[in-house]
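Working notes, structure below.
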Amino acid sequence: MMYEEQETQMQIKLLNTVVELLPEKALFLPDTNTLVIADIHFGKAMHFRKNGISIPPQSAERDYLRLNALIEKKQPARIIVLGDLFHSTHNSEWNLFCEFVAYRSGIRFMLVIGNHDILDRSYYRKLCLEVVENSLEIKDLILSHEPLKKVPEGMVNVAGHIHPGFTLQGRGRQNIKLPCFYMLPNQLILPAFGSLTGLYLLDRTMDSDIYVVTNDKVIEV
Amino acid sequence: MKASKQWFELQQWKAHSFQRETWKQIAAGKSGLLNAPTGYGKTFAIWFGVLQHYLDQKKKPSGLHSLWITPLRALSKEIENAAKKVSHDLSLDYTIGLRTGDTTLSERAKQKKKMPQGLITTPESVHLLMAQKGYYDVFKNLQFVVVDEWHELLGSKRGVQIELALSRLRAINPDLKVWGISATIGNMEEAKEILLGSENEKGVMVRADIKKKIVVETVLPDTLEKFPWAGHLGLRLVDKVLPIIHANKSTLLFTNTRFQAETWYRHLLETDPSLAGVLALHHGSLGEETRQWVENALHEGKLKAVVCTSSLDLGVDFRPVDTVIQIGSPKGIARFMQRAGRSGHQPGATSRIYFVPTHSLEIIEGSAMRYAISNNKMESRIPFIRSFDVLVQYLVTLAVSDGFEPKQIYNEIVKTHCYSSVTEAEFNWCLQFITQGGKSLYAYDEFHKVVVEDGIYKVTNRKIAMQHRLSMGTIVSSTMLTVKFVSGKYLGSIEEWFLSRLKPGDVFWFAGKNLELVRVKDMTAQVRPSKSKNGIIPSWEGGKMPLSSQLAAMIRERLNEYYEGTGKDKELSFLSPLLEEQKKRSVLPHENELLIEKIKTREGCHVFVYPFEGRYVHEGMAAIMANRIALFKPITFSIAMNDYGFELLSDQDIPIEDAIDSDLFSSRHLVDDITKSMNTTEMARRRFRDIAAIAGLVFTGFPGKQIKTKHLQASSKLFFSVFEDYEKDNLLLKECYDELYDFQLEVVRLRKAFERIEKQKIVLKYPERFSPFSFPIFTERWREKFSNEDIEARVRKMKAQLEKD
């Protein structure tokens, strides 16, 4: 039992910072009690519906439930969204998010702006959401939406945007596509949190470490 | 004097009896179906009937008198020319117009002001006309609808579009006469019934009593390759094909895919540079201008040969063509005969068709084909039923123009064959789908596609109306990706299923060029020219088309005749060494035996099964078998198939022996097992792609328009899984499974196959190496997946494997 519990946690060190790669497709920083989530794309279903494309509105709920369960599990003091919090222009689902934030008023929410975050800044202000336009530094980590082209010396960049996935090959011409954490020497790309998103398949390189996410485990491959 | 008599005398032609019969029936006010081959004046058989009706009217109402619907733009041009010539020769005031996707905006505007008497168009364009405000007035005096090549449209969703359009037009004018033209298919009566609908009983069938003589000749290589590899043999036969081209005036080379067409075009030119300028390429992905040029040059007899795809299957009559070559399996008898009929247009002339096999085993199809033709075995075209995607699209179309009243439209659509079983509740679901985006329980819902005002359903949002009109053309068989240079220059379009198999950096040949795939993004494949000499050309093997059951049965019969020593034609004797090798390494099965081969290699455990039933049936059979075997232990399979058999491949031992002992091929619980296998494989997800596009879920953007649509793009897979999770009773989802049953798994055929196998003796062999039968399946690149193993366990296994390598 103990063994299994340990296994659900994948702890790695980014320079001097310990981080946990969570199977919920999120990153946890125990030292600062911070949860980092990328590419949620809330409001996507409603954006589609507003444009006459029928997608069941209930599909949006899943991600709130997942986020809620994750908060219960890790009890973070702070949540940093690494961009693409809300999919597009304003729609009624924003109210749902507002309720969610209000309900979790003890948590400090921060948003690093992503390319999808095109809402007027006043929406975020009303919610007391702290907005970071480019990147945010936490000790030796530098957090951004799009992966930085040049990472400052002595730092590791944590980013989203890519929606990374990896194809595992096996004997008998088998393969599985899974979301993954993609680690380069000075960069960690997080999987997309939102379930209404796709995967962008990445290849293994000489200096990459890949951690795939199955239903409830993170496995280095 | 009748117009027909006058004009035929002018041409110094003598009317065929079927033409006179058709004129008589039309004059008597009948609707009907004309069954006639191409090249004998079927167009005139209908056209003069329609014209005479117009001329005989005492008072000639203004506006549209006849609508002529064809499946191909190229064909519409042809009909237009013929009809215009008649009006001109006889100085009639019957004007002819053309309305297709190519019709210019100014021409459309002119038509809107004043419609011609006769309009030649396509199924999509008819629906587009119905998406225009005031369409009722356009059609109110319409007397005739002629549906050309009905056999081609029937069995596709464009056929369903015709059914819907007719249901509306009949309601506008109850006196409407409908005529279809069809080549011979297995279900002529049903074809007539579907076209004429409730008017069928009063309708007539006119059959042209013309038999074309067809000679089939298989082009054989000098030596036989005992280990056939799909696609390899064909190109080696270039040396045998060139003399045929040179010995004849003008040749059409039919291939099954546009890629095969591209490949042959390249190889013919490389092998014989003297063909430059007289050899042309024709397929659906090439620009309209290029195709038009090729067609004109063919007419004028300027071309020695054209490499083409089904793009030249239909109608258009190229008199100079005297030879047809079919490259690769034609997959079906009706299709083969239709292609054969593209040559020898002079009455009484013999049509000669050469069959060029693309791998050794395919040689047997030449023999099977000849046999089938002499026995007149024609396939049926299975019509679609309950196509909710097309219905949803149609309802929005009506809402975009004048709006509709549900009760009235419901009463119209249940009169069609396709929707006759649709209940009011199901129709209401469709209404809900377009007004609320499905079953909406939410107060904060913002879905406003179609709104209801005073009981009338209409679209009021201009953006949605435009979006709908643009997406209406999407009733095509597969999703297309645009191919562009990185610099932005447009090259053409390619089916997504092909590109999805390529990785960035892979080089492929398209539009006569070697191209390197840079990336696929937003439905566009960006490429750059490649210097690499040999762009990889995967095994095309007839695309996604399966062998028809008629042809499959013929093949089994021919093989058996070889077994019994009674079949003695050229093809079988040539294949003899291969069949003997099969005997030596494994066994050549008799007709009451089913051969299964189990082989172990470094890759894992392979089980090959040879039902000879065509690839779709094999796909279903393999999935069912995988499910049944997986009852013994958690296992993962990769599944490959061709038209002759299929392979289950696993990293672990496949307990086929145990499975055979416990009724692996039983036809009991078949439906249950099919349902399970549909859920455990990707079949349904893939099938949903077209449905999602037609129903307007997948929006591919405004072509050439600077409107931001990026935030509206999602894959059909996403819709599929969301519906699966939240809207199990979604009718589009149900339709997807129904189509899988009827068209992909062909459940009726699948059941028959299982019943046939139940009576067979199972012969299990353990060959040391691949046999001539198994090799071509083993080399198939495209594979279906099946697994009931835990994902985590699989990841760990793959990881361990990785570390070992």
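The values are calculated or read from the model by the stated rules, or taken from the named source; none is laboratory data. None of the values given here were measured: they were computed from a predicted structure. Neighbour counts run over all protein chains shown; Cβ positions are idealised from the backbone, glycine included. Surface areas here come from the heavy atoms of the whole protein model, side chains and all, with no ligands, DNA or RNA. Shrake-Rupley method; radii C 1.70, N 1.55, O 1.52, S 1.80 Å.
By the rule of a C-alpha distance below 21 Å, with chain neighbours fewer than 8 residues away ignored, the lysines paired with B:K77 are B:K42, B:K85, B:K110, B:K112, B:K114, B:K302.
Per residue, the stretch B:213-374 exposes 33 Å² of solvent-accessible protein surface, assessed with a 1.4 angstrom probe and all protein chains in place. Backbone N atoms of the stretch A:147-184 closer than 19 Å to the 7 Å Cα→Cβ label point of A:E137 belong to residues A:147-159. Of the residues B:L269, B:Y766, B:S716, the one whose Cα sits farthest toward the positive end of the charge dipole of chain B, with +1 on the Cβ of Lys and Arg and -1 on the Cβ of Asp and Glu, is B:L269. Rounded is the label for the stretch B:3-207. Its Cα gyration tensor axes, ordered a ≥ b ≥ c, give a/c under 1.5.
Buried area at the A:B interface is about 4400 square angstrom, summed over both chains, from accessible surfaces computed with a 1.4 angstrom probe. Counts of other chain beta carbons within 10 angstrom of each beta carbon in peptide A:196-208 average 1.
Residue by residue along B:794-800, Cβ atoms of other protein chains within 10 Å of the local Cβ number 6 on average. Projecting the Cα positions of B:Y54, B:M1, A:L35 onto the charge dipole of the protein assembly as shown (unit charges on Cβ atoms of Lys, Arg, Asp and Glu, taken about the Cα centre) puts B:M1 furthest along the positive direction. Here the stretch B:586-805 is assigned +1 on the Cβ of each Lys and Arg and -1 on the Cβ of each Asp and Glu. Its dipole about the Cα centre then comes out at about 760 debye. Summarising the strand pairing of chain B, around 40 percent of its internal DSSP beta bridges are antiparallel. Restriction of the trypsin sites (Lys or Arg not before Pro) in the stretch B:55-105 to DSSP coil positions whose beta-carbon has at most 16 other beta-carbons within 10 angstrom yields B:K58, B:K59. Computed about its Cα centre, the charge dipole of chain A is approximately 480 debye, with only Lys, Arg, Asp and Glu carrying charge at their Cβ. Accessible area per residue for chain A is 42 Å², calculated with a 1.4 Å probe on protein heavy atoms, without ligands, DNA or RNA. Dipole size of the stretch B:213-374 about its Cα centre, with +1 on Lys/Arg Cβ and -1 on Asp/Glu Cβ: approximately 340 debye, rounded to the nearest 20. Over chain B, Cα pairs under 8 Å with separation of 6+ residues give a relative contact order of 12 percent.
Helix B:570-585 and the long axis of chain B differ in direction by around 40°, with both axes built from C-alpha atoms. Compared with the dominant Cα axis of chain A, that is its longest principal axis, helix A:61-74 is turned about 60°.
Relative to the longest principal axis of the Cα atoms of chain B, the long axis of helix B:363-374 lies at roughly 40 degrees. Here chain B is scanned for GluC sites (Glu not before Pro) in DSSP loops (not H, G, I, E, B) that have at most 11 other Cβ atoms within 10 Å, and the longest stretch holding none of them is B:301-767. Applying 1/(1 + (r/R0)^6) with R0 = 51 Å to the Cβ-Cβ distance of A:R125 and A:K13 gives a FRET efficiency near 0.90. When a 1.4 Å probe is rolled over the protein heavy atoms, the share of accessible surface on chain B that falls to carbon and sulfur comes to 51 percent.
Approximating the spin labels as points 7 Å out from Cα along Cα→Cβ, the B:R236-to-B:Q6 distance works out to 6.3 nm. Roughly how many Å is it from the Cα centre of the stretch B:53-115 to that of the stretch B:664-687, as a whole number? Value for the Cα centre distance between the two parts: 49 Å. Spin-label model, B:E792 to B:I762: label points 7 Å out along the Cα-to-beta-carbon direction sit 3.5 nm apart. Farthest towards the positive end of the charge dipole of the protein assembly as shown, among the residues A:L65, B:Q292, B:S387, is the Cα of B:Q292, using unit charges on the Cβ of Lys, Arg, Asp and Glu.
If you take every DSSP beta bridge whose two residues both sit in the protein assembly as shown, what share of them, in percent to the nearest 5, is antiparallel? Before the final figure, lay out each step's value.
Working: 69 of 145 bridges.
That works out to approximately 50 percent antiparallel.
Averaged per residue, the stretch B:586-805 has 40 square angstrom of accessible surface, using a 1.4 angstrom probe with ligands and nucleic acids left out.
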